[in-house]
Amino acid sequence: MTPVKIKLLAGIAVLILLIGSNWGYRTYQEVGRLKQQLHHNMNIWVSMQWFAFGQFDYALAGALSASSVAKRQAYLEDANQQASYLAQYTSYGAAAVPSLHSLSGNTSSFWGESSRYLEYAGSEKMTALKPSQLDNLQLMRQYASKMRPYMKELFDIANKTQYKSDSSEQVEQIVSNLGQEISILPAIGRNDKGFNDFWYSKYPYRIRKAGIVFEDEKKFTGAELARRAKTFMGDLWSKTSGQTIRSIGGGGDNLFGEVPSFAAHDDKQALSSPYIVDVTKIGGHILRVRFDKLNGEKHDEPLGELDKDKAILLAKEWIDRWGEEPLELYETKDEYTNLRLTFIPIRENIQMVQQKVYIVIDRKKGRLLELDATNYFIYYKQDDPLKPKLSPEEAAAKVNDLLEISGPPALQVRDGDLVYAIPVKGIEHVTHLYINAIYGNEEGFAFAW
């Protein structure tokens, strides 16, 4: 080989090394930036919740100790405003922090239930609160007293100078412990006739029958549920010698009844798949599928890194496999290396936004992390109004002058309300305004970070 060729090859090698080093450095910078963003999002969300629970508890204490009706009403209104605000925006900050997903759902439900009950309690001008109202305000304080210490722990982690590698594990453990603490507390307003009558008088179609969502359906045995879980998973539960599908516990509540969890085991009774399936004992419905991280890496069979289009296709395969009814992709959201997808049913050309099924795909590994149909089944048998009384033009006329309508109104069912979702622009981050299609009142807006 001539000296010229040697110099040429050496130059090419140096160039490749420089390009590789530059790419590696840029990748390192990007990973660092994403970790910083994750830390930042968690910091904001936890700080907001920690502060809000303290202020909320303060307002409730004021309402309970007030010596005049006017003072009590002021404290109840203050608590209601906080709960109403947090009910709308709790999910936003947590959406970008995977370890906070389940906690976000719990806290969002708490704020929503509290807001609805406080609106009822604040509507009455009696000299003293009813016993049932006292009980429910005390119950809210119980929730707050259990939530706040855990939020303080998360707050301390989020405010470290650096989000360390073990921080995610600490967060997941705190979230798990908190979930167990609050799971034993009853729903706010449950069996309170005055509360139910109040909301029925405002929105007759909102009230669901008391009891289990699936109460009129067949009750399955454990063996039958195991077979349903096995049929659902099919070849996704890897074939191993002597494989059996057995319950590994589970949970339940007054809405769904018992919900056993099933997993695949090998002939040594060890878990042989990372996937756990939750099936309702009444009705035999697939409620959730989740990837068990502790067992996952050992038995995982990922597809490999996926681009966004392939991740969407994988999510649609899972939705088709789930198969309660045809669903349409409603929205997607990037979450670090994951993609969160929301699917909803379309009935009579109306988007049933409240009946969401969530899918989370790990794009880096190419695998499902979660399928959650809880929201879908909460509204499973609710009789929603599908006939609007307002025309799209009448709804659009209610948009204020600071907003410009940027698209045609679309009918949706959100939280039991038939609304027109009106695309708008003109105010930063506000993307849609929701106008009740029956009563004409505003039902909120969409806020995009």
Q: Working only within the stretch 382-396, note down all residues that are in a loop (DSSP other than H, G, I, E, B) and of a type in the set (D, E).
A: D383, D384
Q. Mind checking which residues of the stretch 193-214 are assigned to a loop (DSSP other than H, G, I, E, B) and modelled with pLDDT of 80 or more?
A. V213, F214
Q: Would you check if D267 is in contact with a strand residue (DSSP E or B) (Cβ under 9 Å, 6 or more places away or on another chain), touching a residue at least 24 places away in the same chain (Cβ under 8 Å) and part of a loop (DSSP other than H, G, I, E, B)?
A: yes
Q: Inspect all residues belonging to the stretch 351-358 and state whether any of them is assigned to a helix (DSSP H, G or I) and modelled with pLDDT of 90 or more.
A: no
Q: Looking for whichever is surrounded by fewer than 13 Cβ atoms within 10 Å (Cβ to Cβ) and of a type in the set (K, R) here; the options are K389, K365. Which one fits?
A: K389
Q | Search result, residues across the stretch 227-255 that are at pLDDT below 80, assigned to a loop (DSSP other than H, G, I, E, B) and either of a type in the set (D, E) or surrounded by 13 or more Cβ atoms within 10 Å (Cβ to Cβ) (or both) | A | S238, T240, Q243, N254, L255
Q: Out of D372, D384, report the one residue that is assigned by TED's automatic domain parsing to the domain that holds E305 and either modelled with pLDDT of 90 or more or surrounded by 15 or more Cβ atoms within 10 Å (Cβ to Cβ) (or both).
A: D372
Q: Mind listing whichever residues of the stretch 143-163 are modelled with pLDDT under 70 and surrounded by 13 or more Cβ atoms within 10 Å (Cβ to Cβ)?
A: Y163
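The values are calculated or read from the model by the stated rules, or taken from the named source; none is laboratory data. These figures come from a predicted structure and were not determined experimentally. Neighbour counts are summed over all protein chains in view; Cβ atoms, including those assigned to glycine, are modelled from backbone coordinates with ideal geometry.
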